[in-house]
Amino acid sequence: MKTSTLLSTVVAGLVAVSAAPAQSDQADLQAKYEKKISEDWVGHGGWILDFDEALAKAKKENKLVFAYFTRSYSP
Amino acid sequence: MESGSLSTPDFAKFTDKVVPYLHVTTHVEGHPGEELSKTYGIRGFPTLKFLDAEGQELTEPNGRDVASFQATQTNLAAYADLKRRVDAGEKGLGPKLLLAEIGLGKVKFPEAQARFAKMKKLKPAVKADLEVALLNSEVTHLLDSIGRDEEKSKEVGAKFAAMVAEKRIPTGDSAIMFWSLILNHAETTTDAKLYKKALDFFVGKFGDEKRYEGAIKRLKETYEKLQGEKIG
C-alpha cells in the first residue's frame, strides 16, 4: 500500500471546504443544520451558537473563546 | 472528534475555562454568520481555534484531544503573562518567551533557531525544552515547505529519515506527518528496518482504533513484503 492511503486516512478529519451543492434544497439544508445542533455532543459542550454572544461572554468573564468550525450541509 | 474528545467528561470540565463557540457552515441562504468561516480562512472541517474576546485569532490547538486543548490554553496564558512582563521591562525571560512562542506557532523555525543560537548560558532544563520545541518547529517548517510538490515531499522524507538516524524525532502534532513521509521513503528505498519504526509509531498511535484497522493491516502487509517474512 502506498502511504498516501494511510495519510488520507489519518487526516481524514480535515475535509476540504466545498462549494454548496447546487441542487440542494434549502429546507433540506435547514433540516440538516437543525439535526446537527441537536446532537448530543452539542448539548454536552454547552456550545454558544451566536458569535457576538460568545465574544461578549469572553469579555465579561475574561476568558478565551474556543471556536469549533464544522458543517451540516454534508456528513 | 464530536463523538470522541468533544463528548468526554474532561471536555465538559475544559469548557468551564473557556467560552465554547460552535460555528456550523450550513449553506442555508441568509443563515446568520454563514461567512464567518471565510473570515477566519477555514480551509477544512472541522477546525478549532482559540480567539480572544475581540475575535482575534490567537492560535489553533496542537491536537484534537482535550489534553492538547488544555496544553494550548496553558501556553496561551503563559505567553500572555510573559509578554506582559517583558513589555514591563523584566529581564531574562527571553528563553521562556521563545519557548511559548514556538509552542503557539507565533515564530517560524528559522527565526526561532537564530534567536536560540544567540542565547548563552541557558539552564540545562530550559535548553532541553527549547531543543525539543525547536525540533518540532523544524519538522513543521519542512512539512510546510512541501506544498503539493511530490519531489519536495520525497526530499523532505529523506531528510526525516536522516533525522531518525540521528535520533532526532519529533514529539508534537507533526509526528504523524513525519512518520507518514518516513513510510513513503522507507518503502521507496526498501528500508524494512526504517519502515518498522514508522509502523511501530502508527500501531502505538492508532492500533487500538477500529477505524484504522484496515490501514494498519495494509502497513503491516507492506512491511512483510519489504522484510520478506511475517510479523506477529
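The values are calculated or read from the model by the stated rules, or taken from the named source; none is laboratory data. These numbers were taken from a predicted model, which means no experiment stands behind them. Using ideal geometry, Cβ is built from the backbone for each residue, glycine included, and neighbour counts are taken over all protein chains shown.
Hey, can you tell me all the residues within the range B:147-173 that are within 16 Å of the chain's Cα centre (by Cα) and either part of a helix (DSSP H, G or I) or within 12 Å of chain A (Cβ to nearest Cβ) (or both)?
B:Phe160, B:Asp173
Being more than 14 Å from chain A (Cβ to nearest Cβ) and within 26 Å of B:Tyr21 (Cβ to Cβ) is the filter; apply it to the range B:97-111 and report the residue that is surrounded by the fewest Cβ atoms within 10 Å (Cβ to Cβ).
Looking at the filtered set, the residue picked out is B:Gly105.
With respect to A:Thr3, determine if the residue is in contact with an Asp or Glu (Cβ under 7 Å, 6 or more places away or on another chain) and either modelled with pLDDT under 90 or of a type in the set (Lys, Arg) (or both). Full working, then the answer.
Working: in contact with an Asp or Glu (Cβ under 7 Å, 6 or more places away or on another chain): yes; either modelled with pLDDT under 90 or of a type in the set (Lys, Arg) (or both): yes.
Yes; evaluated as a whole, the condition is true for this residue.
Can you pull out the residues in the range B:101-116 that are of a type in the set (A, V, I, L, M, F, W, C) and at pLDDT 95 or above? First the steps, then the outcome.
From the range B:101-116, those of a type in the set (A, V, I, L, M, F, W, C) are B:102, B:104, B:107, B:109, B:112, B:114, B:116; that's our starting set.
Correct list: B:Phe109, B:Ala112, B:Ala114, B:Phe116.
Taking the options A:Lys59, A:Lys35, name whichever one is at the interface with chain B (Cβ under 7 Å from one of its Cβ atoms) and either surrounded by 14 or more Cβ atoms within 10 Å (Cβ to Cβ) or in a helix (DSSP H, G or I) (or both).
Values: A:Lys35 fails: at the interface with chain B (Cβ under 7 Å from one of its Cβ atoms).
Result: A:Lys59 is the single residue among A:Lys59, A:Lys35 that is at the interface with chain B (Cβ under 7 Å from one of its Cβ atoms) and either surrounded by 14 or more Cβ atoms within 10 Å (Cβ to Cβ) or in a helix (DSSP H, G or I) (or both).
Given the conditions (1) away from every other protein chain (no Cβ under 14 Å); (2) exposed (fewer than 13 other Cβ atoms within 10 Å of the Cβ); (3) part of a helix (DSSP H, G or I), report the number of the one that B:Glu138 does not fulfil.
Looking at each condition in turn, B:Glu138 falls short on (2).
Give all pairs with beta carbons closer than 7 Å in which a residue from the range B:37-51 that is within 12 Å of B:Leu22 (Cβ to Cβ) and touching a residue at least 24 places away in the same chain (Cβ under 8 Å) meets a residue that is buried (at least 20 other Cβ atoms within 10 Å of the Cβ) and not hydroxyl-bearing (Ser, Thr, Tyr); count only pairs at least 6 apart in sequence or on separate chains.
B:Pro46/A:Phe69
Which of the residues belonging to the range B:174-200 are part of a helix (DSSP H, G or I) and among the β-branched types (Val, Ile, Thr)? Steps first, please.
Our first condition is that a residue be part of a helix (DSSP H, G or I); within the range B:174-200, this holds for B:175-188, B:192-200.
B:Ile176, B:Ile182, B:Thr188 - these are the residues of the range B:174-200 that are part of a helix (DSSP H, G or I) and among the β-branched types (Val, Ile, Thr).
Of all the residues that make up the range A:31-61, how many are touching a helix residue (DSSP H, G or I) at 6+ places or on another chain (Cβ under 8 Å) and more than 18 Å from B:Lys17 (Cβ to Cβ)? Give the derivation first.
The initial filter retains those residues of the range A:31-61 that are touching a helix residue (DSSP H, G or I) at 6+ places or on another chain (Cβ under 8 Å), namely A:36, A:40-42, A:44-46, A:48-49, A:51.
After this cut, where a residue has to be more than 18 Å from B:Lys17 (Cβ to Cβ) as well, the list is A:36, A:40-42, A:49, A:51.
Total meeting the criteria: 6.
Which condition number does B:Ala125 fail, the rest of (1) in contact with a strand residue (DSSP E or B) (Cβ under 9 Å, 6 or more places away or on another chain); (2) more than 29 Å from B:Lys13 (Cα to Cα) being met?
(1)
Could you list, in sequence order, all residues of the range B:177-201 that are more than 16 Å from B:Lys154 (Cα to Cα), in contact (Cβ under 8 Å) with a residue 24 or more places away in the chain and not basic (Lys, Arg)?
Scanning the range B:177-201 gives B:Ala192, B:Leu199, B:Phe201.
So which residues in the range B:174-193 are under 24 Å from B:Asp129 (Cβ atoms), of a type in the set (A, V, I, L, M) and more than 9 Å from every other protein chain (Cβ to nearest Cβ), if there are any at all? Talk me through it step by step, then tell me what you get.
First, pick out the residues of the range B:174-193 that are under 24 Å from B:Asp129 (Cβ atoms): B:174-179.
From what is left, the residues that are of a type in the set (A, V, I, L, M) are B:175-177.
Once the filter is applied, which keeps residues that are under 24 Å from B:Asp129 (Cβ atoms), of a type in the set (A, V, I, L, M) and more than 9 Å from every other protein chain (Cβ to nearest Cβ), the range B:174-193 yields only B:Ala175.
Within the range B:5-25, can you find the residues that are among the hydroxyl-bearing types (Ser, Thr, Tyr) and over 13 Å from B:Gln73 (Cα atoms)? Explain how you work it out, then say what you get.
First pass over the range B:5-25, keeping only residues among the hydroxyl-bearing types (Ser, Thr, Tyr): B:5, B:7-8, B:15, B:21, B:25.
Of everything in the range B:5-25, those that are among the hydroxyl-bearing types (Ser, Thr, Tyr) and over 13 Å from B:Gln73 (Cα atoms) turn out to be B:Ser5, B:Ser7, B:Thr8, B:Tyr21, B:Thr25.
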